[in-house]
1. Restricting to strands (runs of 3 or more DSSP E) lying wholly in region 14-91: which have 2 or more residues that are more than 22 Å from residue 128 (Cα to Cα) and modelled with pLDDT of 90 or more?
2. For region 106-127, name all the residues that are at pLDDT 90 or above and of a type in the set (Asp, Glu).
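The values are calculated or read from the model by the stated rules, or taken from the named source; none is laboratory data. Everything numeric here is computed off the predicted structure, so don't read it as measured data.
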Amino acid sequence: MQLSGKDKFDSVRVKMVDQKPTLQSTDILVYLVPSHPSGLLGTRFGREEKADNQYGRAAWNAAETEFGAEVYVRHLTDQPWDIAKFVWHEVLHVKTKEENEMHKRGGLAGDIEFGYQGSWLTDQNIKDMAAYMGKKRPMWTGGFDLKIKTGPITLD
Ligand SMILES: [Zn+2]
């Protein structure tokens with residue numbers, strides 16, 4: 001895929017932060033939280049809270065002026081690559097502003113909530129992410145203001 005001008009990216013930087021970051025307009029913030037019940041998004045953005053969101057979710061307000069994403073790592077910590085896969089998946093949800101329809105794209109964009117171990121990045125996934133990389137999605141950073149316990153995630 002040929003990208004032009006300011007939308008062209010040569011690389012992606014992934015950074016772990018434990019304090020509210022100052023985000024660039026194209027940055028995506030994904031909260032890593034232990035599990036769905038301890039998620040930060042909750043019903044924010046007016047989205048229905050679904051019990052079957054086992055590995056992550058992305059949501060945004062109706063005006064599309066604020067976006068949020070989180071990945072539930074408790075069931076993924078024995079396979080760290082799966083955390084990266086779900087972060088990638090939620091980032092694409094935010095970048096494309098597609099909900100379940102994104103899953104039709106397959107690969108890591110597919111419905112990987114169940115059977116995630118068999119999901120891999122496809123050439124089309126790479127082209128899709130490249131096409132949306134430059135999209136500006138103001139991210140909700142309010143998760144850092146919530147009174148929550150921070151630090152290493154403890155497993156049961
Ligand atoms: Zn999804």
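1. Fully inside region 14-91 and qualifying: 31-33.
2. 123
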